[in-house]
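Data block below; observations after.
Any read-out appearing in this document is the output of simple, stated calculations on the displayed coordinates, not a laboratory observation. This structure is a prediction, so every number in the text was calculated from the model and none was measured. Here the Cβ is made from the backbone with ideal geometry for all residues, glycine too, and neighbour counts use every protein chain on show.
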Amino acid sequence: MSIQSEFFCYGHFYDLHLDGKKLIECRSVLEIVRNDYRISKSKISTTKPDAIAIMMNPGASIPLDSRPEIIDVENFNINFQTKTLVTAVPDKTQTQIMQIMNNKRWNHIRIINLSDIREKDSRELGKKIGKFEHDTLCMLHSIFSSQRKDERNHALINCKVPIILAWGTNSYTKKYAERCLMLINNHITIGISSDESELFYHHPLTRKVRWVPKMVEQLQNF
């Protein structure tokens, strides 16, 4: 039986528009919940998870059978507590997180990203981020932007659960990683640091280290 069959994945998907034109496809959060965990989907966003993971972006994540919400850049607002979560198709990265959950016997992990932009190719992601910020003069694609403070605070839930840092080592992530680390400096953070920069933490699919065993080792006291 596949490990993916042991969990449900729920995400909030949205498209950012400007002047009636779609700019980018996004996902603001992913909630991974064990399928026998007794919690209704409507309460997931307000429930304290066992841990939070922060990665670079949602990759190629897609909703299973629903259309993304349309949000206008000039009237941007996501209410973290009342947004609509829909079933999402899990990918290889989430399978790594599920292995951690099984090892720790956790029921619920929340994943947020330095950027909400959905793009599986890391080089293309850098281009899309640059174009979006050039066209809109803002960082609204990131939950760590100043305009999304309330949403971010609810996502992090102001609770003492471990935050797993796992956004990888792409050079264009540095300014987002630096801002993220500044904003979560009062939280418990865990990650497999990279020799390339003090701002980099290995992604779950890295080939440079055995990510799952090393992360399990770091999580022994949680």
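Side notes on the structure shown:
- Criterion: outside any strand (DSSP E or B), charged (D, E, K, R), closer than 25 Å to Ile70 by Cβ and under 14 Å from the mean Cα position of the chain (by Cα) - qualifying residue of Glu119, Glu133: Glu119
- Glu31 vs. criteria charged (D, E, K, R), assigned to a strand (DSSP E or B) and surrounded by 21 or more Cβ atoms within 10 Å (Cβ to Cβ): yes
- Among residues of the stretch 190-222 being farther than 19 Å from Gln94 by Cα and among the polar types (S, T, N, Q), the one that is surrounded by the most Cβ atoms within 10 Å (Cβ to Cβ) is Ser194.
- Residue ID - surrounded by the fewest Cβ atoms within 10 Å (Cβ to Cβ), chosen from residues in the stretch 152-174 that are β-branched (Val, Ile, Thr) and closer than 14 Å to Pro49 by Cα: Ile157
- Taking the stretch 153-222 and the strands (runs of 3 or more DSSP E) fully enclosed by it, the elements with 3 or more residues that are touching a strand residue (DSSP E or B) at 6+ places or on another chain (Cβ under 7 Å), without any contact (Cβ under 8 Å) to a residue 60 or more places away in the chain and under 19 Å from Met98 (Cα atoms) are at 189-191.
- Considering residues of the stretch 8-39 that are free of Cβ contacts under 8 Å to residues at least 24 places away in the same chain and among the acidic types (Asp, Glu) only, the residue nearest to Ala155 (Cα to Cα): Asp36
- Remark: pairs (first residue in the stretch 88-101, basic (Lys, Arg); second residue part of a loop (DSSP other than H, G, I, E, B); Cβ separation under 7 Å; 6+ apart in sequence or on different chains) = Lys92/Leu205.
- Only one of the numbered conditions (1) buried (at least 17 other Cβ atoms within 10 Å of the Cβ); (2) under 16 Å from His141 (Cα atoms); (3) of a type outside the set (Lys, Arg); (4) touching a helix residue (DSSP H, G or I) at 6+ places or on another chain (Cβ under 8 Å) is violated by Asn79, and that is (1).
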